[in-house]
Structures are given as C-alpha cells and as structure tokens.
Amino acid sequence: MTQTQSDTGVAKDRSMLMQKAMMGRHYDRLTSVQESGAKVCSTFVPGNLNELVMCFDLVNNLPETNAIQNGLRKKSGNFVMEAERLGHSEDVCTYVKSDIGMLAKGNLAPNGKPLPDPDVLLLSYTGCFTFMKWFELLRDQYGCPTIMLHVPYQGDGRVTDNMRDYVVKQLKEEVIPTLERVSGVKFDIDRLREYLRESVAAEDKLVRVLESAKHRPSPIDAYFGGIYYIGPIFGAFRGTPEATEFYTALEQEVEARRAAGQGPITPDGPMGPERYRLVVEGPPNYTSFRDFWKMFYGEGAVVVASSYTKVGGVYDMGFRHDPDRPLETLAEYCFGCYTNRSLPQRIKMLARYVEEYQADGFLTNSIKSCNSFSAGQLLIMREVERRTGKPAGFIESDLVDPRYFSAANIRNRLESYFQMIEQKRRGRVPAGGVA
Ligand code: SF4
C-alpha cells in the first residue's frame, strides 16, 4: 500500500509522508544546534552547494523553505504584514517579507522552537537580484561572515570556460577558506566527492520520476506533487544517503502506479480520469495550496511538467554532479539553475516539455512579487504557443501572501482555459487565443 491518510485526513503517498518526516528531522537538527554545537550556514535553494556545506559539518538553513512552511501553515500573511509595517514595500518578494516578519516575531521553526542565528551567509547568486538584497538585510541583522559567490548569468545561453574558471576560482579562494574559518573544519576534497556520488544517485531517480509523466495517464503531478518530490534534493538532503533512500522509494511508488495505469494521488485520494495535460510555468501559491491544486484535479487536469520544479537544478536536461570534477561540477550546477537561464533557453525548454509530454496546453501562474519569474512571462507564453500550437493560459497569484490569492478569479480563468482546450481539440480556436 503506498497511499495513506495523514492526521489531517488528507490522502498522501508514502513518499509524501517520508518527505514530511525528513523536513521534521531537518528542523529538529537546526533548532538543536546549541546542544549539538553544530554551526549554521544560511543559503538559498537555487545554486545551493549542499555537498560543500556538509564538508564543513555545517547545518543548512534555507530561508525560502522557511517561508514556504509558513505559507503552508497559513502563518506567512501576518509575517508579510509585519514586514510591511517595518517599512518593506508591497512589491518586495513575499518570501523575503515572510522571513523578515518571522524574525521580528520570534523566528520560530515549524517545530515551535527558535531557529538559530546563522554563523555564515552563503549566497550563490544564480540570477535573482532579490537574493542579494535579502542577504544584505540578514547581514545587517546578524553581522556574521557573508560570502557572495558570483555566478554569471547565461545571457547568451551558454557557459564558457572563462565563466566556469571564474566560479571555481571564487570557490577556491573565497568560499572554501571562509567556510574553513567559520567551521574550524579543514576542507577534504574526497569527502566532497563522496557526497557528489550520492547526489548523482538521487538525481538519476528524480529524473526518472519526473519523466514518468510522459505516460498516459501520468502517474504524477509534476507541479503540485512535484513540490514534495523536489524537497529533499533541493533542500538540505542532496548528497546524503537519506535522499537516495527517499528517491528509491519514490521511484518504486511511481512505477507501481504507472504499471497499474493509475494517475497521481491528490489530497482527496487517487485522481479521476485524466482530461487535460498541462505544462506550467511559475511558482505555485502556498497559502491556499490545497484549494489551488483542487482547481486542477477537480477538472481532471494534471501538470505533466513545470519550470518551478527546476529552480534548484535542471537535471532532466542532462546535468549530473560529477565527482571526478568536484569544484567544476558545483560551478556548472549553479550555471544551470532555471533562474540563471536566459529567456530563449526557458522558451526552448518549455516548448520541448509541451511536445515531449504531449501537453494540451501551456499555463502561466504569474507571481505578483516574483520579478525573477514574472519578467518575460508574457513573451514566453506567446512564443511557446507559437512554436507548439497549443493554447496558452494565464493566471495570477502570489507565493505566500494570502491577500493575492483570489480563488474565484483563478477558478473562472481556469474554467475558460479548459473550455478553450476543448474547443481547440475540436479545431475551433485560432492560435493566439489566450484565456
Ligand atoms: S526567484 Fe522569485 S520567489 Fe525566489 S527569491 Fe527571487 S523574487 Fe523571490
């Protein structure tokens, strides 16, 4: 049996429960550093150097993950308003405001215990300017050592040797020496290789899980369900045997559903007949996550591929960490993150998803406060539609600010979008008709 009921009555895959338990262990570890004596490194999901961080026995704290947890628990709204009360503008990314508001209100982890102050801030800058401003705020708050790993943007869609050398030089001359100084642990490149080997095992399995959505019906939802699937590998577990164990179990679970011709498990149980296959661009809304998902599965719509599940690494395009080139591979990982990719690269990738996953349409969820994703989304939408001939749809919400989730508006838009897909199937909608 792979499906079970959680204590809140929501149907969950066994892997979802495993993922929840892993998150719980992560937060317990983080909130017990005073007893364990471990030091803490705050860093972001895109471009996170988890394998390197672990070489120094540092515990990884990811502010976006904290904001997501607060969104799912419906706590972020108050934090966002607290940050605005402190002077942060309405337009600022709500992950940042949730984090700043949480700091002002006791900085409690989901387990109810206070999060520790970081000993070091490690910013791998992979395309989103907000990351830089966010860590400037945290540096003011904590006054701890701050490392900025500058990763050049893939402006013309390629990584040159010079770009790679530039990042490796920073790793050797700034990142590693600072982490040694903060942690008191000497860098051991063989230890890094070991972690990277473990990462590859998990990456292979994750890709097979994501690609299972090419089947009909898709055994997974690659956006809403995908959030659970990426948690361990995008967070504090990449490079650990625990992550490999998780992805082994996940792959088995998904393969069993595929073999039985079943669709994804939704919060209301197994999904009904698959009617619409979508590719989705943009992050989800977390404050009404379950209601949002229901607007899709309630209509028989499954997301077969999404860009959001690539923010912490684009593995389905072939990238794997390479233990034989440990520092170069960390640099290449950072270059490839979705937020560091140019618009033409994003368009190519999304159009490929529409074709390869035999999607019926391409839907954009435009996030009010995420400039990094939203800039260029209309252009992306038009171009993907032109290349694939599949209808494009557009909805708007926000990450963790509940004031910008209008259920009625989104439902109306989705209903007309699904009708448009139906009409297109019957050959009645000219290309360019956007819901
Ligand atoms: S990518 Fe978007 S959501 Fe993430 S930090 Fe940047 S602006 Fe915020």
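Some points to look at:
- Qualifying positions in the stretch 288-297 - within 16 Å of the ligand (Cβ to nearest atom) and open to solvent by less than 10 Å² (accessible area, probe 1.4 Å): none
- Within the stretch 268-287, being away from the ligand (no atom under 16 Å from the Cβ) and either of a type in the set (A, V, I, L, M, F, W, C) or in contact with a strand residue (DSSP E or B) (Cβ under 6 Å, 6 or more places away or on another chain) (or both) holds for GLY269, MET271, GLU274, TYR276, ARG277, LEU278, VAL279.
- Counting only helices (runs of 4 or more DSSP H) that sit wholly inside the stretch 94-181, those with at least 3 residues that are within 16 Å of the ligand (Cβ to nearest atom) are 94-104, 129-142.
- Residue that is least open to solvent (accessible area, probe 1.4 Å) [pool: residues in the stretch 388-414 that are in a helix (DSSP H, G or I), farther than 24 Å from GLN69 by Cα and of a type outside the set (Gly, Ala, Ser)]: LEU414
- Of the criteria (1) open to solvent by 10 Å² or more (accessible area, probe 1.4 Å); (2) within 15 Å of PHE135 (Cα to Cα), which one SER42 fails: (1)
- In summary, GLY300 fulfils each of the numbered conditions (1) surrounded by 17 or more Cβ atoms within 10 Å (Cβ to Cβ); (2) more than 16 Å from the ligand (Cβ to nearest atom); (3) not β-branched (Val, Ile, Thr) with the single exception of condition (1).
- Test set (1) in contact (Cβ under 8 Å) with a residue 24 or more places away in the chain; (2) open to solvent by 10 Å² or more (accessible area, probe 1.4 Å); (3) over 22 Å from the mean Cα position of the chain (by Cα) - ARG325 fails condition number: (1)
- Considering the stretch 343-371, the residues that are within 22 Å of MET317 (Cα to Cα) and in a strand (DSSP E or B) include one that is farthest from the ligand (Cβ to nearest atom), namely GLY361.
- Test: residue in the stretch 415-435 that is crowded, with 19+ Cβ neighbours inside 10 Å, of a type in the set (Val, Ile, Thr), touching a residue at least 60 places away in the same chain (Cβ under 8 Å) and closer than 29 Å to CYS93 by Cα: no
- Of all residues in the stretch 9-26, one or more are closer than 17 Å to ASN107 by Cβ and either modelled with pLDDT under 95 or open to solvent by 10 Å² or more (accessible area, probe 1.4 Å) (or both).
- The set of residues in the stretch 372-387 that are assigned to a helix (DSSP H, G or I) and within 13 Å of the ligand (Cβ to nearest atom) comprises SER372, PHE373, SER374, GLN377.
The values are calculated or read from the model by the stated rules, or taken from the named source; none is laboratory data. The model shown is predicted, which means the values in this text are computed figures rather than measured ones. Cβ atoms come from the backbone with ideal geometry, glycine included; neighbour counts cover every protein chain shown. These accessible areas exclude ligands, DNA and RNA; they are computed on the full protein's heavy atoms, side chains included. Shrake-Rupley method; radii C 1.70, N 1.55, O 1.52, S 1.80 Å.
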